[in-house]
Structures are given as structure tokens and as C-alpha cells.
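Asker: Below: one structure in C-alpha cells.
The values are calculated or read from the model by the stated rules, or taken from the named source; none is laboratory data. Predicted model, so just to flag it, every value in this text is computed and none were measured. Glycine also receives a Cβ, built like all others from the backbone with ideal geometry; neighbour counts cover every protein chain displayed.
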Amino acid sequence: IKVKKGHQPLEGRHVLITAGPTWEAIDPVRYIANRSSGKQGFAIAAAAAALGAKVSLVAGPVALKTPKGVDRIDVESAADMSQAVKDAMPADVAIMVAAVADWRPKEYRDEKMKKRGSAPPALVLTENPDILTNVGASDKRPTLVVGFAAETEDVLENAKRKRKRKAADWIIANDVSGDVMGGDENRVHIVSDEGVESLEQMPKIEVAMALLERIADKLTMPEA
Ligand code: CTP
Ligand code: CA
């Protein structure tokens, strides 16, 4: 990533990022997953480090290299991710980009489930902790709490509702109805209390840079 020499607006700041999917184990050989590649979250971590931040990147299972200058903590499940985020606090900024599984199997089977010629098993699911909401409600709440909203319909309306419901400062809405998941480009809308700023479709690393520059501005802005 190219940044202007000496341009380190996030120097001295700790930025905590989640990225990638989570895997929710059913038994020792099976799990529930989703299509998140982790690319947008890793790009955000790379951009934050390039702008001078100390970066903690809590990553679900992804096939990506650790960006330069980033402290990476690998996790598998939503429960592990939730714990790793708590352990990495406090932070000045939290950017929750992970596609956290909403549900996990209620029971984990210690042995591989067998067909045994009987009816297919019913998967009973239970809800995972909401990491973004918990960070926003934490007594160590970061100055700026940013969530992502992956939507396939009513993108902006859903994002605005999510911002309120999750007590996030900003929600980055992205329309995942196309080939965004796994792709190298993204089109996002920044939803804040000041309204909506829509960015052009661009490479995920450029989305990351645009976002981190705005975050740096926000942190240095004198309190209104
Ligand atoms: N998120 C989280 N923990 C969860 C679920 C979501 O931290 N258990 C975070 C995501 O990282 C993202 C934001 O919440 O920053 C929104 O995720 P999304 O899946 O869009 O929202 P949900 O509240 O799970 O709602 P739904 O999937 O029903 O649209
Ligand atoms: Ca969800």
C-alpha cells in the first residue's frame, strides 16, 4: 500500500479488527461456514497499519497472508472470536468486519455422526453472541465503533436500523447481492449520525484506505 511519506495519522492508536467467516463445529469433521473471504477485513488491517496504527486482527479461518505490521490472532468459532476481541481490548477504534455465524449447533458431538441407515439428523441451532453489540456496550468502549452490514436487499434501510440496534457509531453497508463476497472490489455506503456517504465501487484496498482516512479524521476532530 502506498501512503505519503510521514503520513501517519493513526500513530499511537490501537485499531481492533475482526475479519473472515467463523466456523461452527457440528462434530470433529463437520462445520457450518459462510462465503466470507476475509479480504475486506485484511485490507482494512493493512491500511490501518500503513497509516501508523497498532493493529490487532482477529481472523476467522481464511487463506490470506498477514498484512505487514499487523498483530494477527487466529480463531475458528464465534465464541473464540468473541473471547479474542475481549482479550485484545482496550482499543481506540473497533472495526467489526467478520461475517460472524449467527447460529451454531446447539450440541457439539464428540464423535463423528454416523448414517447408520436411519433418518437424517436434525441440526438444532442456537444464537451466537453479538460481538459488535458487546463491544459497543462494553465499559471499555472504543472511541469509534464501526460495524459492517452485508445486505442483499434494502441495503441502506437495513444498515440504518443496524446502526441503532447495535449502538455502533458507523455502519459500513455493502451490497452482497453481486459477487462481492470473495471478489476484489466493493461498493460501500458509510452510515453515520451525519447521514450516508456512498463511495464508488473500487478495489477493497482502496475502500479500506478511504475508510481509515475518514476514521483518522474523526479521531482528531475536536469534540463538537
Ligand atoms: N456481528 C458480530 N457478531 C455477530 C453477528 C454480527 O459482531 N454474532 C457484526 C458483524 O461483524 C458486522 C455487524 O455485526 O459488523 C453486522 O452483521 P450482520 O450479519 O449484517 O448483522 P446481524 O445483526 O447478524 O443481522 P442479520 O444477519 O440478521 O442481517
Ligand atoms: Ca448476521
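Asker: With the structure loaded, tell me whether Val188 is farther than 25 Å from Ala63 by Cβ, at pLDDT 90 or above and hydrophobic (A, V, I, L, M, F, W, C) or whether it fails that test. Even if it seems obvious, please write down each step before you answer.
Answerer: Details: farther than 25 Å from Ala63 by Cβ: no; at pLDDT 90 or above: yes; hydrophobic (A, V, I, L, M, F, W, C): yes.
Against the criterion (farther than 25 Å from Ala63 by Cβ, at pLDDT 90 or above and hydrophobic (A, V, I, L, M, F, W, C)), Val188 does not qualify.
Asker: Give, as residue ranges, the strands (runs of 3 or more DSSP E) completely inside segment 12-104 that count at least 1 residues that are touching a residue at least 40 places away in the same chain (Cβ under 8 Å) and β-branched (Val, Ile, Thr). Talk me through it step by step, then tell me what you get.
Answerer: On the way: elements: 14-19, 24-27, 30-32, 54-59, 70-74, 93-96.
It comes to 14-19, 24-27, 30-32, 54-59, 93-96.
Asker: Go through (1) under 18 Å from Ile190 (Cβ atoms); (2) away from ligand 1 (no atom under 12 Å from the Cβ); (3) free of Cβ contacts under 8 Å to residues at least 12 places away in the same chain one by one and return the number of the condition Asp154 breaks.
Answerer: So Asp154 meets the others, but not (2).
Asker: Which of the residues spanning segment 81-132 are within 16 Å of ligand 2 (Cβ to nearest atom) and basic (Lys, Arg)?
Answerer: Within segment 81-132, just Arg104 meets the criteria.
Asker: For segment 154-174, what are the residues that are under 15 Å from the mean Cα position of the chain (by Cα), outside any loop (DSSP other than H, G, I, E, B) and either at pLDDT below 95 or within 16 Å of ligand 2 (Cβ to nearest atom) (or both)?
Answerer: Within segment 154-174, the first condition is being under 15 Å from the mean Cα position of the chain (by Cα), and the residues that meet it are 159, 162-163, 166, 168-174.
Filter once more, keeping what is outside any loop (DSSP other than H, G, I, E, B): 159, 162-163, 170-174.
Ala159, Lys162, Arg163, Ile171, Ile172, Ala173, Asn174, listed by residue number.
Asker: Just checking, which of Val70, Val135 is of a type in the set (Val, Ile, Thr), more than 16 Å from ligand 2 (Cβ to nearest atom) and buried (at least 18 other Cβ atoms within 10 Å of the Cβ)?
Answerer: Numbers: Val135 fails: more than 16 Å from ligand 2 (Cβ to nearest atom).
Answer to the check: Val70.
Asker: Looking only at residues in segment 138-149 that are within 12 Å of ligand 2 (Cβ to nearest atom) and either loosely packed, with under 12 Cβ neighbours inside 10 Å or modelled with pLDDT of 95 or more (or both), which one is nearest to Arg187 (Cα to Cα)?
Answerer: Filtering segment 138-149 down to residues within 12 Å of ligand 2 (Cβ to nearest atom) leaves 147-149.
Keeping just the survivors that are either loosely packed, with under 12 Cβ neighbours inside 10 Å or modelled with pLDDT of 95 or more (or both) gives 147-148.
Values: Gly147: 15, Phe148: 12 Å.
So the residue we want is Phe148.
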